[in-house]
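No value in this document is a laboratory result; all are computed from the given coordinates. Because the structure is a prediction, the values reported are computed rather than measured. Cβ placement follows ideal geometry from the backbone for every residue including glycine, while neighbour counts extend to all protein chains displayed.
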Amino acid sequence: MNSEEFAQAWSDLHGGVKQSGFVRGWLAISRPLAMALAKLKVSANVLTLLGVIAAIFVWRTAAHPYAIVILAASLLLDGLDGSLSILRGTSSSFGAVLDSFADRISEFFWALAFYALGATWWIIGIAWLAAFVQEYVRARLAALDTGAVEFVSICERPVRAAFLAVAALSVALNHDYVQKVAIFWFTFQVVALATVLMETFSRLRTVNSIDDQLGADSDEG
C-alpha cells in the first residue's frame with residue numbers, strides 16, 4: 001500500500017476527515033511506524049489497550065517528570081492502532097468501537113492526572129465532559145449517515161494532551177501554572193464543543209431540508 005492509498009484509507013476510516021497539514025504530518029509519521037509494527041505481527045487492538053494502560057500510568061505518575069513521556073506514549077499508541085489496522089487489513093466494527101471506548105477511558109485518566117496535579121475538580125470535570133460530548137456528537141452524526149463533522153476544532157485530542165503536558169511540565173519545573181492551564185483547557189474545550197454542535201445542527205437542518213424536498217417531489221409525482 002503506497003502513501004496515497006494509505007492516506008485515503010485513513011481518511012475513510014475516520015469519517016472522511018480532510019487531510020489538513022496536521023493530518024498529513026501525522027500520516028507521514030504513523031505510516032512507517034505502523035509498517036514496522038505490522039512486520040512484527042502486532043495487533044491493532046493490543047495497541048489500543050496499551051494506550052489505556054499508559055493513560056492509567058499517566059494518572060499514577062502525574063507529579064513526576066516522566067509522566068510527560070508516558071502521556072506521549074499513550075497518545076502515540078492510540079494514533080497508531082488505526083494506521084496499523086489499515087496496513088494489516090484488519091479494520092473492523094469491533095476495533096472501531098474498542099478504539100472509541102478506549103479514547104474516552106484514556107481521557108478520563110488524563111483528567112484524573114490533571115486533578116492530581118492540583119487543578120480544581122469542577123473545572124476539569126466540565127472540560128472532560130465537554131470533550132466527551134464533542135466526540136459523542138461526532139460519532140453519532142457519522143452513524144446517522146449524514147457525513148462526519150470534518151473540520152478540526154481548536155481542542156482536538158492532541159491539544160487536550162498538550163494542555164496536560166504543559167501542566168505536568170510546570171509542576172516538574174516547580175511553577176504553579178496548573179490551575180491557569182486547566183482554565184485554558186476548559187475555555188478551549190467549551191468553544192470546541194460549541195463549534196461542533198453548531199456544525200452538527202447545521203448539517204441536520206440541511207439533511208432535513210433535503211428530505212422534505214424529496215418528500216414534496218415524491219408527492220407531486
Quiz item: Once whole DSSP H runs in the chain are found, which of them have Cα atoms spread over 24 Å or more along the helix axis and a mean Kyte-Doolittle score of at least 0.5?
Solution: 21-39, 44-60, 67-88, 93-117, 121-143
Quiz item: Which whole-number percent is the relative contact order of the stretch 15-209 (Cα, under 8 Å, 6+ apart)?
Solution: 26 percent
Quiz prompt | Two-site FRET efficiency, ALA36 against ALA172, from Cβ-Cβ distance with R₀ of 41 Å, rounded to 0.05 | solution = 0.85
Practice problem: Take each of the peptides 28-34, 127-133, 174-180, average the number of other beta-carbon atoms within 10 Å over its residues, and list them starting from the highest. | Solution: 127-133, 28-34, 174-180
Quiz item: With the Cα gyration tensor of the stretch 1-115 giving a ≥ b ≥ c as the square roots of its eigenvalues, does the rule (a/c under 1.5 for rounded; else a/b larger than b/c for prolate; else oblate) give rounded, prolate or oblate?
Solution: prolate
Quiz item: Put a dot 7 Å past each Cα toward the Cβ at PHE101 and LEU197; how far apart are the dots in nm?
Solution: 2.8 nm
Quiz item: Under the Kirkwood approximation applied to all pairs of distinct alpha-carbon atoms, what is the hydrodynamic radius of the chain in Å?
Solution: 18.7 Å
Self-check item: Ranked packing of 39-48, 90-99, most packed first, by mean Cβ within 10 Å
Solution: 39-48, 90-99
